[in-house]
Structures are given as C-alpha cells and as structure tokens.
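The values are calculated or read from the model by the stated rules, or taken from the named source; none is laboratory data. Being a predicted model, the structure only gives us computed values, none of them experimental. With ideal geometry, Cβ positions are generated from the backbone for all residues, glycine too; neighbour counts draw on all protein chains shown. Side chains are part of the model used for accessible areas, which takes the heavy atoms of the whole protein and leaves out ligands, DNA and RNA. Shrake-Rupley method; radii C 1.70, N 1.55, O 1.52, S 1.80 Å.
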Amino acid sequence: KELCAKVNELNKAVLFDALAPAGITIINIEFDGEGDSGQINGVSALAGDQPADLPATKLTLQQLRWGQTEATPSEFTLEAAIEALCYDYLEQEHDGWENNDGGYGEFIIDVAERTISLEFCQRYSDYTKHSHSF
C-alpha cells in the first residue's frame, strides 16, 4: 500500500503538469462496480464552467504490476492516464471495491488546487433473522 501511494503521488504530479497548460479546470470521473467487475463510466472535463475536450496529450506514468516491487513506465493518452490513476487510487484506498456488492462513486480533479478527491459509496447486503417457536 505504501508503494502504491508513493507511485500515485508521482503520477498525480505528472497529470497536473499536463492538465494546467490545457486550460482544464475540473474533471469528474464516475465509477461503478459489483459482482467482481467494475469500470469507470465516464470522464468529463470543464474549462471554467464550459464543457471541454481533453487534449490528445501523451503521458508516461509509473505502473505497479501484480507481484512486482518496482514501478515500470507506461505511456497513456491523457484520458487513459486519468482513468489509470483513478483505478490506482481505488486500489490504494478501497482494494476490492468491485467485489461482491461493490462500490460506486466519483473522483473530482481540481486542477487549480492540484487536488483529487474521492467520494466512495460501498454497497453491502444485510439481513435480519427472525426465529419463532410455537
């Protein structure tokens, strides 16, 4: 988890360095998962209060692979880099978020503040048992 957090901080800096010159101010990313699968449902960007397209910029992020203790570089489009970083933050904070009843929520990337916030809602099944003897 420590290594994941360290790599995410490095990648976050790379992402913000690419977003600032593009004029993007806010990015919303929605995700949903359950039954052992999950996905990002959409990435939407704003420039001020107007919808904006993400530029076709390429970024190099550090990626952790299962079973490895060293990060390796991978190239992404800007949108794919945003998605990859969100998945990595989900793994860091809510590993297994897509399992069983799963979870859903939203990331908000504030470019001016250089912050990424995560609102995560975890689903779970519950039951009430009643026993009667007559």
Residues whose placed amide H lies under 5 Å from that of residue 57, excluding near-sequence neighbours: 78
Solvent-accessible heavy-atom area per residue, rounded to whole Å², over the stretch 21-134 at 1.4 Å: 65
Relative contact order (percent, whole number), the stretch 72-134, Cα cutoff 8 Å, 6+ residue spacing: 23
Cα gyration tensor shape of the stretch 1-74, rounded if a/c is under 1.5, else prolate or oblate by comparing a/b with b/c: oblate
Whole-Hz couplings from phi, Karplus 6.51/-1.76/1.60, listed for the stretch 103-112; x for Gly and Pro: x, 8, x, 8, 9, 10, 9, 9, 5, 4
Phi-based couplings in Hz for the stretch 88-102 (Karplus 6.51, -1.76, 1.60; Gly and Pro marked x): 5, 5, 4, 5, 5, 9, 9, 3, x, 4, 8, 7, 6, 6, x
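In percent, how large is the relative contact order of the chain, given Cα pairs closer than 8 Å and 6 or more residues apart?
Relative contact order of the chain: 29 percent.
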5 angstrom amide H check on residue 47, placed H, neighbours 5+ away: 25, 52
Cα-centre dipole for the chain with unit charges at Cβ (Lys and Arg positive, Asp and Glu negative), debye to 20: 220
Helix-only [θ]222 nm of the chain, DSSP H runs n ≥ 4, -39500 (n - 2.57) each, per residue, nearest 500: -9000 deg cm²/dmol
Protein accessible area in the stretch 16-134, 1.4 Å probe - carbon and sulfur %: 45
Cβ-based net charge around residue 1, under 12 Å, with every Lys or Arg adding one and every Asp or Glu removing one: -4
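Could you sort 65-73, 113-121 so that the peptide with the highest average Cβ count within 10 Å comes first and the rest follow in order?
Packing order, densest peptide first, comes out as 113-121, 65-73.
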